[in-house]
Amino acid sequence: MRVVAGLADELVVVVVAVELVVARPAFEQVVAVVGRLGSGRASFRLEVASKRRRGGMTEHNAGRVALVTGGASGIGRAAALAFAGRGVAVVIADVDDAGGEQTVALINQRGGEGLFVHTDVTQARDVEELLARTVGAFGALHHAFNCAGIAGEMAPTADCDEENWDRTIAINLKGIWLCLRAEIKQMLAGGGGSIVNTSSVAGLRGFPGISAYSASKGAVIQLTRTAALEYAAAGIRVNAVCPGAIDTPMLAGLVRNQPELQAGLLALHPLGRIGTPDEIAQAVIWLCSDAASFITGQVLAIDGGWTAG
C-alpha cells in the first residue's frame, strides 16, 4: 500500500493498493491519521489499482498463442476453433494424428493459424517437446487448455482392475500435471498467462462405476487450486471446468448400446438436455479472457444444473 498526501487548502489522500485491496477498517485508520495532519477540511479518495498481468484475451489477439491438449475431437477441438476464431494461434496436442491434423485444417479453412504436435501427455519428454515446439513456432505461450482425457472402463470399485486404474490416472491426472508444470514454467518466463484444466462433475459428485475416473477428476480440482495459489503473484491464473454430460465421442462410447445409462444421464440435467462441446469451449475462452482477470483457483461446473441440487 502506498499513501500519497498533498497538503494544501484541502488535504487529498490517495491510497493505491497494488498487491491487495485495502480493507475498509485499514483505510479508515489511514483517514484518521492523515486527518489529524490537516485543518479539518480534509477530503479523501480511495483508488484501487487493478494489477493485471499480460495474457488475457481482448478484442485484439494478434500474437497470442494457445495450447490445447486433447484437441483432436470433442471439447478440445471446439476450444481450439474458438481460440482461433478470436485471432489466437493454436497448438493442438493429441495422440490422434488424423484428428489433430483435421482440427488444424479446420482452423486454416477459417483463416486461423494452427499447428499439430503428436503428444502423449503421460510422457514428460513428449510434453517438454510440445512446449519447445510451441515456443519455437510462435515465440510464446499465453493460454493453455488441458483437455486430454479418457473415461476408462466402467466397473464398481472392487472390480476396477489395476491396469484400468493406472491408465486412467496416468492420462487424466498425471497428464494434466505434466502439462501444467511445463506450461507454468513457460509462463513464468513470459510474464504470466492463463490455464484451464478439465475436470468433471464426476470430480464434484460421486458416480458409481467410474471410481478411477472420479478419483482422477477430483484430484485435478485440488491440483488446480494449489497451482492457482502458488502462481497468482506471478500473474498466472489457473482455473478448472467441470462439464456435465457433453455430446462428444467419449460420451458416445460410454453409452453405446446402453439406452438406460443414456436416459439416466439425461435425467440428471435439470435443463433437460446434454451439453455441446462449444458450450464448454465458450466458458474456457471466457476464463482465459480479460473479462475473467480477477478469477483464479475456481472450479466452474457447466452441467445443465446437475450439481445445483
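The values are calculated or read from the model by the stated rules, or taken from the named source; none is laboratory data. Since this is a predicted model, take the numbers as computed values, not measurements. Here Cβ is always computed from backbone atoms with ideal geometry, including for glycine, and neighbour counts include all displayed protein chains. Heavy atoms of the whole protein, side chains included, go into the accessibility calculation; ligands, DNA and RNA do not. Shrake-Rupley method; radii C 1.70, N 1.55, O 1.52, S 1.80 Å.
Worth a mention:
- Just one of the listed residues (Met154, Met187) is modelled with pLDDT under 95 and touching a strand residue (DSSP E or B) at 6+ places or on another chain (Cβ under 8 Å), and it is Met154.
- Checked against the criterion of being buried (at least 24 other Cβ atoms within 10 Å of the Cβ), out of contact with any strand residue (DSSP E or B) (no Cβ under 7 Å at 6 or more places or on another chain), in contact (Cβ under 8 Å) with a residue 40 or more places away in the chain and not hydroxyl-bearing (Ser, Thr, Tyr), the candidates Gly193, Gly175 yield just one match: Gly175.
- Positions within the range 80-127 being assigned to a loop (DSSP other than H, G, I, E, B) and closer than 17 Å to Asn172 by Cα, in sequence order: Val95, Asp96, Thr119, Asp120, Val121, Thr122, Gln123
- Test result for Thr224, open to solvent by less than 30 Å² (accessible area, probe 1.4 Å), under 19 Å from Asn172 (Cβ atoms) and over 13 Å from the mean Cα position of the chain (by Cα): no
- Val135 vs. criteria open to solvent by 20 Å² or more (accessible area, probe 1.4 Å), out of contact with any strand residue (DSSP E or B) (no Cβ under 6 Å at 6 or more places or on another chain), more than 28 Å from Ile274 (Cβ to Cβ) and of a type in the set (Val, Ile, Thr): yes
- Any hit, the range 64-86, residues being open to solvent by 70 Å² or more (accessible area, probe 1.4 Å) and free of Cβ contacts under 8 Å to residues at least 60 places away in the same chain: no
- Candidates Arg53, Arg36, Arg24, Arg45: the one that is modelled with pLDDT under 55, open to solvent by 80 Å² or more (accessible area, probe 1.4 Å) and closer than 25 Å to Leu178 by Cβ is Arg53.
- Residue in the range 191-198 that is under 30 Å from Ala158 (Cβ atoms) and out of contact with any Leu (no Cβ under 8 Å at 6 or more places or on another chain) present: yes
- Some residue of the range 160-172 being under 27 Å from Gln262 (Cβ atoms), touching a Lys or Arg at 6+ places or on another chain (Cβ under 9 Å) and surrounded by 20 or more Cβ atoms within 10 Å (Cβ to Cβ): yes
- Per-region count, the range 106-154, residues among the hydrophobic types (A, V, I, L, M, F, W, C) and over 26 Å from Gly235 (Cβ atoms): 6
- The single condition from (1) β-branched (Val, Ile, Thr); (2) in a helix (DSSP H, G or I); (3) within 26 Å of Phe207 (Cα to Cα) that Thr134 fails is (3).
Here is a yes/no grid of residues against (1) under 16 Å from Leu173 (Cβ atoms); (2) hydrophobic (A, V, I, L, M, F, W, C); (3) open to solvent by less than 40 Å² (accessible area, probe 1.4 Å); (4) in contact with a strand residue (DSSP E or B) (Cβ under 8 Å, 6 or more places away or on another chain):
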{"site": "Val201", "(1), (2), (3), (4)": "no, yes, yes, yes"}
{"site": "Gly206", "(1), (2), (3), (4)": "no, no, no, no"}
{"site": "Ser216", "(1), (2), (3), (4)": "yes, no, yes, no"}
{"site": "Ala233", "(1), (2), (3), (4)": "no, yes, no, no"}
{"site": "Val255", "(1), (2), (3), (4)": "no, yes, yes, no"}
{"site": "Gln262", "(1), (2), (3), (4)": "no, no, no, no"}
{"site": "Thr276", "(1), (2), (3), (4)": "no, no, no, yes"}
{"site": "Ser289", "(1), (2), (3), (4)": "no, no, yes, yes"}
